[in-house]
Amino acid sequence: MPPSAEQLAFNSQRACPECSGTGIVRTVDEETLVPDESISIDDGAVRPWQTLMWSLMKDIARDLGVRTDVPFRELIQKERDIVFHGPAVKKHMIY
């Protein structure tokens with residue numbers, strides 16, 4: 001017998017690991033977020049961080065150890081992961 005809809009729902013232990021039971025898979029196109037890797041984060045490499053609401057993210061990335069003054073393409077994988085996915089361990093900061 002196939003599983004019921006309730007068994008595959010987001011709040012079920014059997015929910016789809018890919019979509020968490022929502023039926024929608026969300027992905028981020030990193031090339032859209034950083035269209036020009038030749039510029040630094042300080043100079044605007046991360047497109048969404050150019051708005052007033054998100055400009056604080058540059059300071060947060062810097063505090064997490066990301067070099068924001070070098071061309072984005074020079075960031076090591078750990079720094080890129082912080083920019084695209086956040087830190088591996090939650091860190092409390094006051095700004």
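A few remarks follow.
- Members of segment 55-75 found to be in a loop (DSSP other than H, G, I, E, B) and touching a Lys or Arg at 6+ places or on another chain (Cβ under 9 Å), listed by number: L64, G65, V66, T68, D69, L75
- Whether a residue is over 15 Å from the mean Cα position of the chain (by Cα), of a type outside the set (S, T, Y) and open to solvent by 50 Å² or more (accessible area, probe 1.4 Å) was assessed, and M53 passes this test.
- Checked against (1) basic (K, R); (2) modelled with pLDDT of 90 or more; (3) open to solvent by 50 Å² or more (accessible area, probe 1.4 Å), K58 passes all but a single condition, namely (3).
The values are calculated or read from the model by the stated rules, or taken from the named source; none is laboratory data. These numbers come from a predicted model, not from an experiment. We place every Cβ from the backbone using ideal geometry, glycine too, and count neighbours over all the protein chains shown. Areas reflect the complete protein model, heavy atoms only, side chains present, ligands, DNA and RNA absent. Shrake-Rupley method; radii C 1.70, N 1.55, O 1.52, S 1.80 Å.
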